[in-house]
Amino acid sequence: NEQSPIPARQNAFMTVANLTTQHGPCQEAIIEAEVLPVLLQLACNGSYETAELRREGARALANLSCRLAPYILDKVGEENLKAWFTTIDTLSDERVKLHAMAARDSLQLVCV
């Protein structure tokens, strides 16, 4: 929700990112909750105030992509992933970029 204070959103996405380190049903539940489009949107350039939020979103995406890249491809679609891939090299926050590149590496293996 755009109305939510940034610290509340940061805490929520830190929790999501931490949960993505748990293999199995937890990761699948996060994907089923339709969070992927939000994670892809978070892995972008932005203000200093949202830096930690964007880092946690990118970290969550990288964690999920390691194990569930085919599932992510199925949920998001190849065109959307490829469009997102083109934005990664322009990321200015090094931590967001590092996590986004890790996600891209995993996801590119399942894209044609």
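Report the gain in length on full extension from Ala29 to Val112: 0.36 nm times residue separation, minus Cα-Cα distance, nm rounded to one decimal. Let's see the in-between values first.
Details: separation 83, 0.36 × 83 = 29.88 nm, distance 2.58 nm.
Value of the extension gain: 27.3 nm.
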* Structure fact -> Among GluC sites (Glu not before Pro) in the range 1-95, those in a DSSP loop whose Cβ has at most 14 other Cβ atoms within 10 Å are Glu2, Glu34
* Of the accessible area of the range 12-112, with the probe set at 1.4 angstrom, what percent is carbon plus sulfur? -> 57
* Enter the accessible area per residue of the chain (Å², integer; probe 1.4 Å; all protein chains in place). => 55
* The list [x] 14.8, 47; [y] 15.3, 51; [z] 12.9, 39 gives values of Rg and Dmax of the Cα atoms in Å, and only one came from this structure; which label was calculated from it? -> [z]
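The values are calculated or read from the model by the stated rules, or taken from the named source; none is laboratory data. Worth saying up front: this structure is predicted, and the values here are computed from it rather than measured. Positions of Cβ are backbone-derived with ideal geometry, glycine not excepted, and every protein chain shown enters the neighbour counts. The protein model used for the area step is the full one, side chains on, heavy atoms only, and it has no ligands, DNA or RNA in it. Shrake-Rupley method; radii C 1.70, N 1.55, O 1.52, S 1.80 Å.
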